[in-house]
1. Tell me which residues, restricted to the range B:203-245, are open to solvent by 20 Å² or more (accessible area, probe 1.4 Å), in contact (Cβ under 8 Å) with a residue 40 or more places away in the chain and not hydrophobic (A, V, I, L, M, F, W, C).
2. Might you check whether a residue that is under 17 Å from A:Y77 (Cα atoms) and of a type outside the set (A, V, I, L, M, F, W, C) occurs anywhere in the range A:224-241?
3. Could you list, in sequence order, the residues of the range B:101-117 that are polar (S, T, N, Q) and in a helix (DSSP H, G or I)?
4. Yes or no: A:S139 of a type in the set (G, A, S), out of contact with any His (no Cβ under 9 Å at 6 or more places or on another chain) and under 19 Å from A:S251 (Cα atoms)?
5. Does B:S78 meet the test of being surrounded by fewer than 22 Cβ atoms within 10 Å (Cβ to Cβ) and under 23 Å from the mean Cα position of the chain (by Cα)?
6. Of the conditions (1) open to solvent by less than 80 Å² (accessible area, probe 1.4 Å); (2) closer than 22 Å to A:G159 by Cα, A:F261 satisfies every one except a single condition; which number is it?
7. Can you pull out the residues in the range B:119-157 that are β-branched (V, I, T) and touching an Asp or Glu at 6+ places or on another chain (Cβ under 9 Å)?
8. Can we say B:P44 is open to solvent by less than 40 Å² (accessible area, probe 1.4 Å), modelled with pLDDT under 95 and not in a strand (DSSP E or B)?
Amino acid sequence: MATSTGPRASRRRFPWPVLLPLAFLTLWTLAVHRHWVVEGIIPSPVQVVQSWYWWIFGLPTRSMSPYSGTWVAAVLYSSRRVLQGFLLASLVGIPLGLFVGWNRLVARLVDPSIQLLRPVPITAWLPFAIAVFGIYDASALFLIGLGAFYPIVVNTTHGVRDTNLLLLRAARMMGAGESTILTKVVFRSALPSIFTGLRLGIGIAWTAVIVAEMIAVKSGLGYVLWDAYYVGRMDICVATMLSVGLLGFVSDRALQLLANFVLRWRTLEAHA
Amino acid sequence: MSDRPVIELSDVWKTFDKGGRPVEALQGVSVGIARNEFAAILGPSGCGKSTLLNMVAGFDAPTRGAVRFDGELVRTPSPRRAVVFQEPALFPWYTVLDNITFGLRTRGIAPSAYRDRVQTIIEQVGLQGFESHYPAELSGGMKQRVGIARVLVMEPDVLLMDEPFGSLDAQTRSVMQELLLSVWERHQQTVLFVTHDIEEALLLADSVSVMTARPGRIKKRLAIELPRPRALEVTTSPFFNELKREVLALIREESVKAAVERAR
């Protein structure tokens with residue numbers, strides 16, 4: 001690419017992406033300091049950052065604040081639940097999706113039930129989960145797992161059904177049996193779609209963990225969020241929201257990096 | 001040539017269901033291909049020649065009649081009847097080498113048993129240096145070389161080729177035709193080659209069966225008595241041109257018929 005100068009290049013170099021967040025932060029700060037909003041309800045950005053810092057590293061002096069230095073523990077609780085629920089959903093969803101996509105009989109047996117249950121929002125399952133599993137981790141795992149399961153199974157099925165007929169014929173004429181075809185051809189061909197399902201699934205898992213922790217268990221970021229709201233600590237609430245957003249972003253990026261590595265052949269295709 | 005044909009189609013009919021309406025693709029096709037013969041099936045597009053090849057491959061079953069390979073009815077695909085498709089149909093997630101050895105690995109053959117043979121064939125088809133490339137990094141012609149190499153390494157009894165050079169540009173196509181000639185002269189495998197390109201059929205094959213427009217029947221079978229080894233230069237000889245004129249007349253009749261049929 002030639003190095004171009006002039007108005008077009010400088011327009012490209014202008015930091016466009018930070019413009020909106022900057023404007024938003026300014027507006028937020030002004031709104032708090034000029035008392036455009038009712039005092040004490042919305043904390044200023046500086047307050048949020050300060051509380052977040054104390055929440056992570058603890059207050060310098062001994063204090064009665066229940067949040068001081070508890071951020072890491074809350075993050076670990078929530079992350080562990082998300083990871084466990086997500087793994088559970090993947091371990092069930094991917095193989096099931098493979099069979100539903102591959103075998104017409106399995107599809108007729110399982111697919112209608114999945115499609116029937118899928119429109120039930122994950123939040124609607126909460127009372128049921130608590131009634132069955134109680135106020136324990138199992139409730140949270142059930143909700144997270146179920147939420148992540150749908151996009152994983154649906155996208156895997158879709159990926160399998162999209163397998164190129166020619167590749168199946170090629171594998172057959174080279175002597176491949178059903179199990180080889182399923183693992184070496186169909187699964188590999190469905191992988192891009194499976195990763196789409198996984199990325200959607202982990203997003204839903206973070207939604208589900210917050211809902212579950214607000215009601216079904218007594219630890220983690222969701223619990224802190226609801227608890228802080230009750231005691232009027234909006235600064236902690238906002239810090240929690242930002243924490244969850246950050247964790248969601250990081251886990252999505254991690255999956256994306258994994259996908260880029262596993263699907264190297266595909267990025268080559270895009271450049272060819 | 002041996003007494004009994006390796007591939008034998010006897011009175012094969014094929015009817016497809018096209019939106020509830022039956023469409024006759026093949027009408028009583030009978031053809032035999034002898035061992036070590038390079039047989040071409042030539043016909044206008046849509047005449048059912050790919051259908052014919054798919055039935056020999058075991059991808060498709062005839063509505064009536066019998067397709068036999070080595071005296072036995074064809075039921076399923078088999079590595080003994082290897083196929084080169086028009087689209088290379090390579091596995092995009094495997095490297096060139098892994099694509100070429102797929103058939104061997106699938107059958108659990110130890111790498112030490114095939115390493116030398118694979119290397120020889122990679123050199124014969126001109127893929128040395130590309131072993132660790134992915135298909136996406138290759139040109140159309142190079143992809144098709146992989147498609148040919150992966151079936152040659154399996155040492156099949158017959159090679160079924162479905163317009164393998166049909167999607168290549170003219171230059172690459174003639175390079176690939178010469179490559180196939182040189183490879184064939186070394187391996188002398190039985191080949192069933194489907195094409196709509198008259199010159200290609202005459203250049204490569206020992207026999208050319210001309211098909212009619214749909215519904216497909218074998219209109220005429222010609223023996224191509226051009227001396228081997230052949231090279232592209234043969235296509236400029238007077239004898240070649242005489243053959244070409246004969247086939248052209250046969251084909252033109254059918255192409256016109258097909259066009260009229262489509263217009264109706």
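The values are calculated or read from the model by the stated rules, or taken from the named source; none is laboratory data. These figures come from a predicted structure and were not determined experimentally. Positions of Cβ are backbone-derived with ideal geometry, glycine not excepted, and every protein chain shown enters the neighbour counts. Areas reflect the complete protein model, heavy atoms only, side chains present, ligands, DNA and RNA absent. Shrake-Rupley method; radii C 1.70, N 1.55, O 1.52, S 1.80 Å.
1. Step one: of the range B:203-245, the residues open to solvent by 20 Å² or more (accessible area, probe 1.4 Å) are B:206, B:214-215, B:217-221, B:223, B:225, B:227-229, B:231-239, B:241-242, B:244-245.
Now drop any that are not in contact (Cβ under 8 Å) with a residue 40 or more places away in the chain, which leaves B:206, B:214-215, B:217-218, B:221, B:228-229, B:231-232, B:244.
Within the range B:203-245, B:D206, B:R214, B:P215, B:R217, B:R221, B:R228, B:P229, B:K244 qualify.
2. Yes.
3. Hits for the range B:101-117 are B:T106, B:S112.
4. no
5. It is true that B:S78 is surrounded by fewer than 22 Cβ atoms within 10 Å (Cβ to Cβ) and under 23 Å from the mean Cα position of the chain (by Cα).
6. The number of the failed condition is (1).
7. B:I122 - this is the single residue of the range B:119-157 that is β-branched (V, I, T) and touching an Asp or Glu at 6+ places or on another chain (Cβ under 9 Å).
8. Yes.
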